[in-house]
Every structure is written in C-alpha cells, then in structure tokens.
Amino acid sequence: MVKQFARRAFETGRVAAIALTLPFLFAADAFGDDVCHFVEVQCDRASKAVRIVPFSAMDQECGRLRAVKDADWLVDVAHHVRATGKDRLGPGAAKVLKCELGPGKSVWTYVQGSPVKGNMTGPCGAVFSALVTIEEQQPVARRVVNDLNLLLDCNSGGAADRIEYYVDSQKLVIQWSTEPQFGALERTVLARKYLADAARGGR
C-alpha cells in the first residue's frame, strides 16, 4: 500500500512538473518566431485623407515585406529607429512619406521606430513602437501630430489601430485598441495586396 501511494504521488508530481514546464516551452517557441513591425501609410485621394495603420508580420511575411525596399507606403520600423544623443540624422532618421491629396493639399508623414524600453531588457525590451508626426501644407506648413507613440504600454495595452487625418475638414481620428501590440496584418490594405501578388508570382 505504501508503494502504491508512493507510485501515485510520483505520477502526480510528474504530471504537475510537465504542466508547469509546458508554458515555458511554448513561450520559448514563441520567442523563436521572427516578428517584425511595419507602418503602412495610405494616401486616400478620394476622401482627401491620410490613413496610418501599424501592423505586425511573422516569419515568411517579414521577408516578403522587407523585400519592398523603396515602397512609398511602407515603413519597416526596425530600420528607422530614432538615433540617440546629438546624431539625429543617422541611419535611424525618420522615413518621410508624402501624400498629394489635391491642389495645395500635401501631407507629410514622418515615421521613426522606438524601443518601448531604451535598454531593451525586460518583458517589453524586444517590442518596438513607432513615433508618428504629420504635417500639412494648406497653403502653409502646419504640424497636425507631433511624435505620437503608437504603442503606449506593452504591458497594459493602449496601441493605435489606425490614425486618419482629413485635410478638408482638418479632422484627426485616432482609433485606440486595448491590444498590447501592433494590429494584425489583415487590417492593412496595401501590405495584404502586395503579399497576395507576391504569392501569385512565386516570391
């Protein structure tokens, strides 16, 4: 009876140990995935609007989107990380995207990557956000948004799903979610179209 009790205790302990280990195994597997962050800038001439949509991609999608080196609608956040110190114009300088929405109605969008934590440690250390600045010329330059951080807190959430700016009405709309990361790839328009075209072309 003592042996039977010992055997049951051993089996129970082994099951408990496996149950405790599984989350760490899945976490390690998740950290092994290649995750990349992008910002898509859509020039909507019909609505006279600029639409900014951050999103994440994984694995093969990262490579396909990173292959679009000179796209005038896509920003690879990790390649435009804000420089530190006095050197603000180095490799991490903002990418500037211009939308011509009509005569005398131009909008510039500046996007820079920014680590959530500068020392890149802790649970949020590998998470990137993006700082977005929007300027318009109508007919003189005017700053609409200044260094808006798209990911306020990777622990508690507060990520921007999209930003929309309408030139004619000068209306600014920011849609915030409770997700602790960039929105899903399916929320974008241009990136989804590019990946579909790339799949058809065998890339």
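The values are calculated or read from the model by the stated rules, or taken from the named source; none is laboratory data. All of these numbers come straight from a predicted model, not from anything done at the bench. FYI the Cβ positions are ideal-geometry reconstructions off the backbone, even for glycines, and counts take in every protein chain you see.
Please verify whether the range 16-37 includes one or more residues that are surrounded by 13 or more Cβ atoms within 10 Å (Cβ to Cβ) and at pLDDT 90 or above. No, every residue in the range 16-37 fails to be surrounded by 13 or more Cβ atoms within 10 Å (Cβ to Cβ) and at pLDDT 90 or above. Is there any pair linking a residue in the range 140-158 that is more than 19 Å from residue 110 (Cβ to Cβ) to one that is modelled with pLDDT of 90 or more and not in a strand (DSSP E or B), with Cβ under 8 Å and at least six apart or on different chains, and which? The qualifying pairs do not exist here. Note on the range 160-179: residues that are closer than 13 Å to residue 47 by Cβ, in contact (Cβ under 8 Å) with a residue 40 or more places away in the chain and of a type in the set (A, V, I, L, M) amount to 1. Does residue 94 count as modelled with pLDDT of 80 or more and either of a type in the set (D, E, K, R) or assigned by TED's automatic domain parsing to the domain that holds residue 190 (or both)? In short, yes. When the range 66-85 is limited to residues that are within 27 Å of residue 101 (Cβ to Cβ), at pLDDT below 90 and hydrophobic (A, V, I, L, M, F, W, C), the one that is surrounded by the fewest Cβ atoms within 10 Å (Cβ to Cβ) turns out to be 68. Of 147, 168, 153, all but one fail to be of a type in the set (Asp, Glu), within 22 Å of the chain's Cα centre (by Cα) and at pLDDT 80 or above; the exception is 147.
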